[in-house]
Structures are given as C-alpha cells and as structure tokens.
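Undergrad: First the structure, which I've put down as structure tokens, then a few questions once you've had a look.
The values are calculated or read from the model by the stated rules, or taken from the named source; none is laboratory data. Bear in mind that the values here come from a model prediction, so they are computed numbers and not experimental data. Quick reminder, even Gly has a Cβ in these numbers, built from the backbone with ideal geometry, and neighbours come from all protein chains shown. Note: accessible area is taken over every heavy atom of the protein model, side chains too, but ligands, DNA and RNA are not part of it. Shrake-Rupley method; radii C 1.70, N 1.55, O 1.52, S 1.80 Å.
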Amino acid sequence: MSGLKLAVAAVAVLGLAACSNNRWDDTANGGAGAGAGLGAGALDPASPAYFQQTIGDRVLFAVDQSTLSPAAQGILQGQARWLTQNADYVVTIEGHADEQGTREYNLALGARRANAAREYLISQGVAGHRMKVVSYGKERPLEICSEEACYAKNRRAVTVLAGGLTG
Amino acid sequence: MRKILAALLIGAAAAAGAGAAMAQDGPLRIEIDQGVIEPLPYAVPDFVPETPAASEYAAQIARVIAADLSGTGLFREVPASAHISKVTGFDSPVKYADWKAVNAQALITGAVSVNGNQLTVRFRGHDVFAEKELGTGLQFTGTTDGWRRMAHKVADAIYSRITGESGYFDSRVVYVSESGPKNDRRKRLAVMDYDGANVQYLTNSASIVLAPRFSPTGDRVLYTSYESGFPQIHVLDVGQVQRKVLSSGDGTMSFAPRFAPDGRTIVYSQTQGGNTDLFSMDINTGAKTRLTSAPSIETAPSFSPDGSQIVFESDRSGSQQLYVMPAGGGEARRISFGQGRYGTPVWSPRGDMIAFTKQNKGRFHIGVMRTDGSEERLLTASFLDEGPTWAPNGRVIMFTRESQGSAGRALLYSVDITGRNLKPVKTPDGASDPAWSPLQN
C-alpha cells in the first residue's frame with residue numbers, strides 16, 4: 001500500500017467534506033471535481049451526523065466486485081480514525097448490490113462487500129467485536145433507476161452507527 | 001380446510017370407457033415434446049346440477065376446467081355459444097354428431113351434487129370422433145369450499161389422458177407478495193392455487209422475506225426472513241401458520257434453504273466472514289454438516305429428486321456458474337459452460353433437467369439444460385427474469401419477471417419447457433420468488 005496514495009485519498013475526503021450533497025458518489029469516482037470552500041455548518045466532530053456527512057459512511061464497489069478502491073480505503077481510514085476516537089459506538093456494516101444479479105447471489109455478494117469494509121477497518125485498528133456485518137443483497141436499493149448511474153450508488157457498504165452514548 | 005375425500009371410478013360406464021383409454025392410435029393425443037402444435041379443440045358444457053344447491057357450482061367448475069386446459073396453450077375451447085346440443089343429464093347418451101359438427105374433438109361432461117357442505121363431482125371425457133369415452137369416468141367428493149380443487153382434479157385427469165403426462169393443476173404456489181416502490185418494497189409470504197386463486201398471506205410485511213420453498217409433501221415452507229435483523233432460515237407449517245427459526249441469530253447470515261426429498265434434511269447457505277458456503281441440517285435434531293469450504297460464493301442449492309445430488313451455483317471460476325456435487329458434499333463438477341453467468345439452478349421433479357437463470361450481455365434468461373449441462377435451451381429473455389420453479393409434472397416453469405426503471409415491479413410468469421405459452425400469472429400485487437408445490441392429494 002502506497003502511503004502517498006492514502007494521503008491523496010484522505011485529502012480528497014477532506015475536500016469533499018465541505019460539499020453538501022452526493023459526496024460519496026463523487027468520492028467513488030476518486031473525488032475528482034469536489035467543490036470545496038462552502039461552509040458545511042458547525043457539525044460536532046463527535047456526532048453521528050459528522051460521521052455520516054463529513055467522514056462519509058459508505059464506500060462503493062465496481063460491478064460484481066468487493067475490492068476496495070483507493071477512494072474507498074480513504075473513506076474507511078477516516079471511519080477508523082473516528083471510531084477509534086469515539087469508542088462508545090458499535091457499528092453494523094450493511095452490504096448491498098445493484099439489481100443486476102440473482103437474489104441469493106447478491107445476498108452473498110453484499111456480505112462480501114460489507115466484510116471487505118470490516119476487514120479494512122480492523123486493519124486500521126477498529127476492534128472486530130464492535131462491527132457486525134449484514135447483507136441486504138438487492139433488497140434495499142437507494143436509487144431506483146435501471147441505469148449505471150443508479151446501480152453505482154447501490155453497490156455499497158454502509159457503516160451504520162449504533163449504541164452511541166453521546167449520539 | 002379444503003379436503004377431497006375420495007376419487008371413485010364411476011360404475012358400469014367406467015368399465016366400458018376403459019377400452020377407449022387403451023387405444024393408443026386415437027386422434028386424441030397431444031405429444032407435448034413436438035414443436036409447434038395446433039391446440040386441440042374441446043368443449044366443456046356446464047356440468048349438470050343434480051341438487052338445487054349444486055347449480056351455483058355446476059357452471060363455475062366447468063369454467064375452471066376450461067381455464068386450466070386452455071391455459072396450457074395445448075387446448076382450445078369451443079365456446080358454449082357454438083354448442084348445438086345441451087347436456088341435460090350426466091347419463092344421457094352423448095350426441096356425438098352435434099359435437100363433431102362444431103369440431104370439438106374432446107368433450108367433457110359432468111354432474112355436481114351438494115349434500116350439506118359435501119360436494120360431489122362426477123365427470124367423463126369423450127373422444128368425439130371415435131365416439132368413445134376417453135378413459136374412465138371419475139368422481140371426487142369434498143367440501144363445497146374446495147370446489148376449485150375438484151375442478152382442477154378433473155382438468156388434471158383430462159390433461160393426463162390426452163397428453164400422457166401427469167397433470168399439475170391441483171397444485172399451489174408459495175411466493176413473495178410485493179408492494180411499494182423499489183426503494184421501499186414491502187414483502188410478505190403468500191400462498192395461492194397455481195392459477196392465482198385463493199391467495200392467503202402467511203407473514204406480515206414487517207420484515208423482508210425471500211425465496212420460499214415447499215416441503216416435498218407441501219405442508220411446510222422454508223424461507224429466509226430478516227425478522228431478527230439478519231437473514232435467518234424459518235420453517236412454517238402452512239396449515240397452522242406456525243413458524244420456527246432454524247438457524248441461530250448470532251449475527252451469521254443463513255439463507256437459500258431447500259428441502260431434501262426426505263422432508264427432514266435441508267441444504268442452505270451460511271455466511272461467515274464474508275464467505276458463503278453450503279451446509280446441510282437435520283431439522284429435527286439441528287445437526288449441521290458443512291458441504292463446501294471454498295473462499296468463493298456457494299449458494300442457491302437444489303436437490304435431485306432422488307436426493308443423491310445437489311446442483312448449486314458458485315463463482316469459484318471467477319463468475320457465477322452451475323455445479324453438481326454429491327448430497328453429502330465432495331467434489332463438484334461444473335455443468336454450465338456457455339457465455340455469461342448462470343444462477344438459481346433448480347432440478348426438475350422428473351430428474352431429467354435443470355432450470356436456471358442466465359445473465360448474458362445485460363439480459364436475463366430462464367433456461368433449461370440436461371443435468372450434465374448439455375442441450376442448453378433458453379426459454380425467455382427480458383430485462384430481468386429470475387428464479388425458475390418447476391410445475392409438479394416438470395413441463396411448465398414459473399419465474400419472476402421484474403420490469404425496468406424506477407416504476408419497475410415484479411410479476412410472476414409461466415412458460416412451457418418448449419419455450420411456448422409465455423404468460424403472466426395473476427396475483428393481487430407484485431410477486432416474486434415463486435415455488436411450486438407438488439400435486440396435492
């Protein structure tokens with residue numbers, strides 16, 4: 001793993017933090033074109049909203065794949081730092097697939113994706129017992145058009161916070 | 001509960017009719033395997049009501065029989081408006097000339113009587129041009145609320161006599177009823193007659209439910225539910241609507257359960273650490289056996305009807321493909337080698353074929369192949385066809401077809417294994433994941 005790449009990805013994430021919507025969509029494309037500079041408001045860095053919106057609670061995957069892109073790794077590094085600093089939280093990582101696949105295969109594929117995120121978070125120092133994984137396969141799409149623009153957003157692993165004493 | 005008490009041969013006339021059934025060279029024979037065929041014209045006049053309370057059933061039973069037979073695409077009804085003679089008595093002589101004149105090659109006559117809540121249906125089939133009875137007359141007795149089943153049994157008998165295949169009309173389908181938009185879809189288990197009648201809901205829509213399967217005797221249903229927050233295997237007694245969770249809720253995912261022919265063993269997928277493998281379980285003792293241990297995805301298993309083998313899908317080669325292995329695990333042999341990805345294999349109840357879903361070049365197909373993978377034949381093509389299930393006679397396949405786009409919804413379709421007679425199956429709402437029951441007793 002190249003330290004330089006990781007640093008670039010982390011910068012991209014920070015840049016995106018100021019962007020109001022669709023930041024995870026842009027990060028999936030490597031963070032290109034992120035518009036920085038607009039004020040994001042004063043989110044408490046220890047809040048779940050900060051985790052979701054500023055760190056980014058999800059990573060996206062290529063078709064039928066569960067490997068983590070450099071951009072996805074950058075987001076997960078941010079998640080790992082946040083989870084290390086906010087040790088009260090446990091998480092469920094939800095894996096999802098787009099509709100272009102059979103139901104049970106997509107369940108297994110979603111599990112692979114969620115597990116890839118979990119393993120990466122473990123490698124970044126988050127304790128395994130804090131993280132469950134569950135797959136919804138193609139049962140819970142976010143976007144419902146039948147085009148790659150939507151499919152790309154549906155192929156995701158989402159880190160959902162639970163059990164926070166402060167949140 | 002609807003129950004059919006007896007199927008009896010009809011006395012003296014039956015003996016006379018038996019001779020006709022033996023005649024192999026009669027005109028009334030449909031070879032289902034043949035290519036394009038002209039549907040066989042038949043007439044089914046209203047059955048004769050023999051008690052006052054029977055009149056409400058007499059016409060309806062004939063209509064259900066006609067819907068069954070014509071629905072196969074193998075038969076074409078000569079409508080009542082074309083009939084010349086009226087059947088007024090079940091034992092009156094049939095005026096064959098009147099039926100020949102309207103070119104009805106087969107004629108079905110029957111009588112209905114009601115005694116309390118007991119309904120008795122008698123029927124005979126006739127080979128019009130041979131002027132003979134078609135097989136033996138039969139009688140079914142059951143409760144009045146089971147009248148549709150008796151109609152299906154009559155249609156099964158007629159279908160069976162003319163095609164030489166066993167019937168499939170007296171059967172049920174368990175499926176997932178769907179409502180709401182794609183991004184907030186509500187799912188609940190439902191069971192219905194094969195033709196969409198008598199829909200009954202088995203779960204509420206509070207949790208996602210997936211991919212039900214009937215037990216070999218049709219009394220229980222295995223399915224996957226998210227009730228615990230994680231996909232877990234449940235078994236449900238259809239008559240009692242009582243449920244039991246078969247897999248533990250400790251955060252591991254289990255899904256894709258299917259019964260073995262013994263009705264006691266199940267095979268299913270379990271996910272540990274992102275890896276999905278196949279396991280079997282004795283549902284009485286809970287004892288589990290691991291069947292595969294590969295880093296790839298192994299899921300969507302299906303037993304051969306003799307219980308000796310399992311067909312399943314795996315992406316161990318890099319993409320979803322079909323494999324066959326011994327039921328106890330062991331070396332798996334790949335059987336799918338065409339272009340694209342293959343999933344959801346289902347072994348035919350006749351044992352001779354495997355139905356599957358194929359994805360290729362952005363399209364989905366339902367197809368069939370021999371159990372060694374030879375003679376692959378695609379039956380359908382659409383944006384998203386998935387999840388075939390076999391009619392009890394192994395001649396018809398039902399599956400899910402999901403339409404494209406943000407307003408897309410899932411509906412059930414059926415198609416013959418020849419690829420003919422593709423048509424939607426009527427359901428009150430959206431529907432997916434059909435699983436056909438065996439023929440009812």
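Undergrad: Taking the highest mean first, how do the peptides B:55-61, A:102-108 order by number of other beta carbon atoms within 10 angstrom per residue?
TA: Ranked by mean Cβ neighbours within 10 Å, highest first: A:102-108, B:55-61.
Undergrad: Please report the relative contact order for the stretch A:59-144, taking Cα pairs under 8 Å with a sequence separation of at least 6, and give it as a percent rounded to a whole number.
TA: Details: 133 pairs, mean separation 30.9, N = 86.
Once normalised by length, the contact order is 36 percent.
Undergrad: Give the average, rounded to an integer, of partner chain Cβ atoms located within 10 angstrom of each Cβ in A:131-144. Write down the numbers at each step before the final one.
TA: Values: counts 0, 5, 7, 8, 7, 3, 4, 3, 6, 5, 6, 1, 3, 9.
Averaged over the peptide's residues, the number is 5.
Undergrad: Once you have a ≥ b ≥ c as the square roots of the Cα gyration tensor eigenvalues for the stretch A:24-163, tell me rounded if a/c is under 1.5, and otherwise prolate or oblate according to whether a/b is larger than b/c.
TA: Working: a/c = 1.87, a/b = 1.23, b/c = 1.51.
Since a/c reaches 1.5 but b/c is at least a/b, the shape of the stretch A:24-163 is classed as oblate.
Undergrad: Let me ask something else. Measure nothing fancy, just the Cα-based angle from helix B:55-71's long axis to the longest principal axis of chain B, in degrees from 0 to 90, nearest 10.
TA: The answer is roughly 60 degrees.
Undergrad: Calculate what fraction, in whole %, of the accessible area of the stretch B:172-436 sits on carbon and sulfur atoms when a 1.4 Å probe is rolled over the protein chains. If you can, show how the numbers build up before the last one.
TA: Working: 4170 of 9230 Å².
Ligands and nucleic acids excluded, carbon and sulfur give 45 percent.
Undergrad: For the stretch B:264-352, what does the equivalent ellipsoid look like in terms of its semi-axes, each the square root of 5 times an eigenvalue of the Cα gyration tensor, given largest first in whole Å?
TA: Working: eigenvalues 84, 60, 18 Å².
So the equivalent ellipsoid measures 20, 17, 10 Å along its semi-axes.
Undergrad: Working from Cα positions, state the angle (0 to 90°, nearest 10) between the long axis of helix B:147-163 and the longest principal axis of chain B.
TA: 90
Undergrad: Determine the percent antiparallel among the DSSP beta bridges restricted to the protein assembly as shown, to the nearest 5. Write out the running numbers ahead of the final one.
TA: On the way: 119 of 132 bridges.
The antiparallel proportion sits near 90 percent.
Undergrad: On to the next question. Multiply the residue gap between B:Ser160 and B:Ser55 by 0.36 nm, knock off their C-alpha separation, and tell me the result in nm, one decimal place.
TA: Working: separation 105, 0.36 × 105 = 37.80 nm, distance 2.73 nm.
Contour length minus Cα-Cα distance gives 35.1 nm.
Undergrad: What does the convex hull of the alpha-carbon atoms of the stretch B:172-436 project to on average, in nm²?
TA: Details: hull surface 52.3 nm².
Hull-based average projected area comes out at 13.1 nm².
Undergrad: Please give, to one decimal in nm, the separation of the simple spin-label points placed at B:Ser319 and B:Ser406, each 7 Å out from Cα toward the Cβ.
TA: Distance between label points: 3.2 nm.
Undergrad: Follow-up. Taking the solvent-accessible surface of protein heavy atoms with a 1.4 Å probe, what is the per residue accessible area of the protein assembly as shown in Å²? Intermediate values should be presented prior to the final figure.
TA: Details: 23960 Å² over 608 residues.
Per residue, the protein assembly as shown has 39 Å² of solvent-accessible surface.
Undergrad: Let me ask another. Rounded to the nearest 20 Debye, what is the dipole magnitude of the protein assembly as shown about its Cα centre when Lys and Arg each give +1 and Asp and Glu each give -1 at the C-beta?
TA: Working: 60 positive and 59 negative charges, 136 e Å.
Roughly 660 debye, rounded to the nearest 20.
Undergrad: Would you mind checking the radius of gyration and Dmax of the stretch B:173-261 based on alpha-carbon positions, in Å?
TA: 12.8, 40
Undergrad: What percent does the relative contact order of chain B come to when contacts are Cα pairs within less than 8 Å and at least six residues apart?
TA: Numbers: 1128 pairs, mean separation 48.9, N = 441.
It comes to 11 percent, rounded to a whole number.
Undergrad: Of B:Gly137, B:Gly89, B:Leu69, which is farthest on the positive side of the dipole of the stretch B:64-214, counting Cα position, with +1 on Lys and Arg Cβ, -1 on Asp and Glu Cβ, and the Cα centre as origin?
TA: Checked the options; the winner is B:Leu69.
Undergrad: Residue by residue through the stretch B:298-305, which ³J(HN,Hα) values in whole Hz follow from phi under the Karplus form 6.51 cos²θ - 1.76 cosθ + 1.60 (θ = phi - 60°), with glycine and proline marked x?
TA: 10, 7, 6, x, 7, 6, 5, x
Undergrad: Taking the simple approach of a point 7 Å from Cα along Cα-to-Cβ for both B:Gln242 and B:Glu375, what is their distance in nm?
TA: 4.5
Undergrad: Now for a different question. Roughly how many nanometres apart are two label points built 7 Å out from the Cα toward the Cβ at B:Lys288 and B:Ile84?
TA: For B:Lys288 paired with B:Ile84, the spin-label model returns 7.1 nm.
Undergrad: Further question on the same structure: State whether the protein assembly as shown is rounded, prolate or oblate according to the following rule on the C-alpha gyration tensor (a ≥ b ≥ c being the square roots of its eigenvalues): a/c under 1.5 gives rounded; otherwise a/b larger than b/c gives prolate, and the remaining case gives oblate.
TA: Values: a/c = 2.54, a/b = 2.49, b/c = 1.02.
Prolate, because a/c is 1.5 or more and a/b exceeds b/c.
Undergrad: List the residues, sorted by chain then number, that are 5 or more residues from B:Ala431 or on another chain and whose placed amide H is less than 5 Å from its amide H.
TA: B:Glu178, B:Ala410, B:Leu411, B:Leu412
Undergrad: Step through the residues of the stretch B:322-327 one at a time and calculate ³J(HN,Hα) from phi using the Karplus curve (6.51 cos²θ - 1.76 cosθ + 1.60, θ = phi - 60°), rounding each to whole Hz and writing x for Gly and Pro.
TA: Coupling constants for the stretch B:322-327: 9, 9, 10, 9, x, 4 Hz.
Undergrad: OK, next. Going by amide H atoms built from the backbone, whose H comes under 5 Å of the H on B:Glu298, apart from near neighbours?
TA: Placed amide hydrogens put B:Thr276, B:Asp277 under 5 Å from B:Glu298.
Undergrad: With a 1.4 Å probe on protein heavy atoms only, work out how much accessible surface A and B bury together, total over both chains, in Å² to the nearest 100.
TA: On the way: alone 8620 and 18300 Å², together 23960 Å².
In total, this chain pair buries about 3000 Å².
Undergrad: Taking the Cα centre of chain B as origin, sum charge times position over the Cβ atoms of Lys and Arg (+1) and Asp and Glu (-1), and report the length of that vector in debye to the nearest 20. Working shown, then result.
TA: Values: 45 positive and 44 negative charges, 124 e Å.
Dipole size: approximately 600 debye.
Undergrad: The stretch B:271-300: which residues show an accessible-area loss of 30 Å² or more, assembly versus chain alone, 1.4 Å probe?
TA: When all protein chains are present, B:Gly273, B:Gly274, B:Ile297 each give up 30 Å² or more of accessible surface.
Undergrad: Quick one: what does P(r) look like for the stretch B:356-441 with 10 Å bins over all Cα pairs, in whole %?
TA: Values per bin, smallest distances first: 18, 50, 27, 5, 0.
Undergrad: Per-residue HN-Hα couplings for the stretch B:271-288, Karplus 6.51 cos²θ - 1.76 cosθ + 1.60 at θ = phi - 60°, whole Hz, x for Gly and Pro?
TA: Along the stretch B:271-288, the couplings run 10, 10, x, x, 9, 10, 10, 9, 9, 10, 9, 7, 6, 7, 9, x, 5, 10 Hz.
Undergrad: If you average 1/r over all unlike Cα pairs in the stretch B:290-414 and invert the result, what Kirkwood radius do you get in angstrom? If you can, show how the numbers build up before the last one.
TA: Numbers: mean 1/r = 0.0679 Å⁻¹.
With all distinct Cα pairs of the stretch B:290-414 included, I get 14.7 Å.
Undergrad: Is there a simple number for the mean count of other chain Cβ atoms within 10 Å of the Cβ of residues in B:423-436, and what is it? List each step's numbers first, then the result.
TA: Numbers: counts 0, 0, 0, 0, 0, 0, 0, 0, 0, 1, 2, 0, 0, 0.
Mean shielding count: 0.
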